[in-house]
1. So how strong a dipole does region 9-149 carry about its Cα centre when Lys and Arg Cβ are +1 and Asp and Glu Cβ are -1, to the nearest 20 debye?
2. Report, in debye and to the nearest 20, how large the dipole of the chain comes out about its Cα centre when Lys and Arg carry +1 and Asp and Glu carry -1 on their Cβ.
3. Run the simple label-point estimate for Ser447 and Ala336 please: 7 Å along Cα→C-beta, distance reported in nm.
4. I need the helices of the chain that pass two filters: whole DSSP H segments spanning 30 Å or more by Cα along the axis, and mean Kyte-Doolittle score no lower than -0.5.
5. With a cut-off of 8 Å between alpha carbons and a minimum separation of six or more residues, what is the relative contact order of region 183-290 in percent?
6. Run the dipole for region 183-290 about the Cα centre, Lys and Arg Cβ at +1, Asp and Glu Cβ at -1, nothing else charged, and hand back the magnitude in debye, nearest 20.
7. If each residue of separation counts as 0.36 nm, what is the full-extension length gain between Met156 and Gln48 once their alpha-carbon separation is subtracted?
8. Rounded to the nearest Å, what's the spacing between the alpha carbon centres of region 214-230 and region 298-312? Just the number, please.
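What follows draws every value from the coordinates through simple rules; no lab data is involved. This is a predicted model, so every value here is computed, not measured. Cβ atoms come from the backbone with ideal geometry, glycine included; neighbour counts cover every protein chain shown.
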Amino acid sequence: MPDPDSAASRPRVYVSYACEESDEHVSLVREFAAFLRTEAGVDAHLDQWYADGRRDWVAWASDQFQQADFIVVIASPGYGLTMGMLDTAMLHDKLGRSLPDATHQILPVVLPGGSATDIPHVLSAFAATHYVVRAFSLDEVQGLLRAIHGSPAHAMPPLGAFRPPDVEAGPVLVATPRSPPRTGRHLGPGAEVVIGDDHYLVHAGTYEETTTSDGAAVLRGARALSVGGPRPQVWLRQLEIRQDTPMAEEAATALTCERTLLASPAGRWLGILVSPALVREPGLVTLVTGWPLSGRTRGPCDTLASFVPERGELADPLRTRAILRGLGGLCRKLAALHRMDASHRCLAPAAIIRLDDGALALRDLGLATTSYEPGEGPELYRAPEQGRRRRGKAGPWTDAYQIGAIAYHFATGHPPPSIPVPVRGLAPDLPPAATAAIDAALDAEPSRRPGILALGAAFDSSR
């Protein structure tokens, strides 16, 4: 039986691109091909890995086209013009032999900073499927991987027996009772919970859940409506301890320390609604903090996640300037946290609340009271030193990176790739001081990033 993990048992992919494009584009293609091999497990092949001596590249490319199960075509303005027409000619040949087979086999891909308009016209960019990759993560390449592996996101259900209606029977209305909401002590999406003496209705759209690496404890978070309580809207962080282990104990201590930080005299500078409550029950520790209300909607204020550009949406310079001004103020609140020898390390749009006046507030203290762990932090905004394979020391410089990554997302319309394209070239309408600060904050070397106050001052130039 063949080994399913061997390269021979996996689909072989040839990565075709315009090799005479810019050095940045060629490097980005190489990084993407390496990501397909190392992270996605795809048997990808790229000419840059075969330049180990003098080679007949015409014969080599022809051989790759013959051996490949799929051909990934990287879109760029010069594709078909700067590569001697070799790959283009072979693509035309495949399309001419069998259009359905070639359409299935040739997969156009748009890398970060690219555009679907750069896909060769012969590949029907807007009539057939293409794949936009905004960041090198498994979530971003799911569509491409499903095409390679022939695995749809939703399988067609089996066809049942045809049951024609009885012509003499009248319509039948079947009513099923609505399931009552879950009531208990544990947070859950849409749950009705009692914590201490207070009653809460949990908002499903804000529910989050993570597990300690040993599986002994689960940390859940959600916004909730307080039924008859002093604060109409609250943010709940609840730790369920399933097994007493050092990691579970550390997680419980982290919530206690967060409450202590928020209740301290310096805590008022953090911008979180204080007077936090810590409720201890058997197997549960819950931290309750307030959630600001909007004077316009009379409901809870939204997080920045509600304002993030949709996929394919062009970034709005006016909105981006307003967000940058808000991030400038948030930097000063983070500086207060840094003065307490702590750093957030989990900054993302969903963790930042936007008030009516455009000011931004922290939802909670993130990972500020926890020990560093490789792979921590939000995937799209994770700093290089937080990666599982690039371990480093996290600290205030990590917050600077994450603020820069959020600003990059609003300025360009997509999260920063592992090698970000300079913002000044993608968002020329923004102030040069702000774009330069974003680029500096995303430096892979923490020591070269600006301090959090300097970053905030640069964003203030967006006024």
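1. Details: 10 positive and 18 negative charges, 72 e Å.
The calculated dipole for region 9-149 is roughly 340 debye.
2. Numbers: 44 positive and 52 negative charges, 282 e Å.
Here the size comes out at about 1360 debye.
3. Here the modelled spin labels are 3.2 nm apart.
4. Values: long enough: 317-339 (33 Å, 0.09).
In the chain, the long hydrophobic H runs are 317-339.
5. Numbers: 227 pairs, mean separation 22.5, N = 108.
Once normalised by length, the contact order is 21 percent.
6. Numbers: 9 positive and 12 negative charges, 80 e Å.
It works out to roughly 380 debye.
7. Values: separation 108, 0.36 × 108 = 38.88 nm, distance 4.04 nm.
Residue separation times 0.36 nm, minus the Cα-Cα distance, leaves 34.8 nm.
8. 21
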